[in-house]
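The values are calculated or read from the model by the stated rules, or taken from the named source; none is laboratory data. Worth saying up front: this structure is predicted, and the values here are computed from it rather than measured. With ideal geometry, Cβ positions are generated from the backbone for all residues, glycine too; neighbour counts draw on all protein chains shown. In case anyone asks, the SASA skips ligands and DNA or RNA and just uses the protein heavy atoms, side chains included. Shrake-Rupley method; radii C 1.70, N 1.55, O 1.52, S 1.80 Å.
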Amino acid sequence: MNKAFAAGAIPLGVYILATGIWSTATWPLPGPYNILFSDSWPLLGVVLISLGLASWFSLLVRIVFYAYAGLSLPILVYGVAIAYYHLTQEPELAAAMFILIGLAGLISPALATKWGRPIAMAIIIMLAVAAVIAFFTGISASFAHIPRWAKWSPWYGKVVVG
């Protein structure tokens, strides 16, 4: 960890947190999809801000890892819920993506132990696989969702005539 990382992580985290809160308020899909896709984004913002602050001020990073483990629980539960309720066209892949990200966060406190290097490699592999899944899921979702949103307008853009 170093201050140069913090200088980028903190503003990026603030941006992600702000857009995540905005997304939660305006997401056009039905409720469960709003929870799955919008709630995860502000959590990433919180993670980046806290990691940046811990790095900038040389705080105990171990404490931050325990906080990440707690923030990872909802992501893991979302993965299980996606599989259980078949919430996407590819529920197995979407569930695997969320579960891998949640597990990476849950095991992050082990990075501060003597097993830190192999744990770090395992986390990198889990996140790389999740990133590949996210990439292909995002591409296929674009073609499925864009035509459905042709007539959509956000709640704050609707004109109400009395």
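A few remarks follow.
- For region 124-146, taking the residues that are at pLDDT 90 or above and either touching a Gly at 6+ places or on another chain (Cβ under 9 Å) or among the aromatic types (Phe, Trp, Tyr) (or both), the one that is nearest to Ala110 (Cα to Cα) is identified as Phe135.
- Helices (runs of 4 or more DSSP H) fully within region 5-118 counting 3 or more residues that are at pLDDT 90 or above and within 30 Å of Phe143 (Cβ to Cβ): 61-85, 91-106
- Restricting the first member to region 69-91 and to residues that are farther than 23 Å from Phe135 by Cβ, and the second to residues that are open to solvent by 40 Å² or more (accessible area, probe 1.4 Å) and part of a loop (DSSP other than H, G, I, E, B), the beta-carbon pairs closer than 9 Å and six or more apart or on different chains are Ala69/Ile107.
- Complete set of residues in region 101-133 that are closer than 13 Å to Tyr68 by Cα and open to solvent by 40 Å² or more (accessible area, probe 1.4 Å): Ile101, Leu103, Leu106, Ile107, Leu111
- Subset tally (residues that are crowded, with 21+ Cβ neighbours inside 10 Å and closer than 15 Å to Val46 by Cα) for region 73-100: 1
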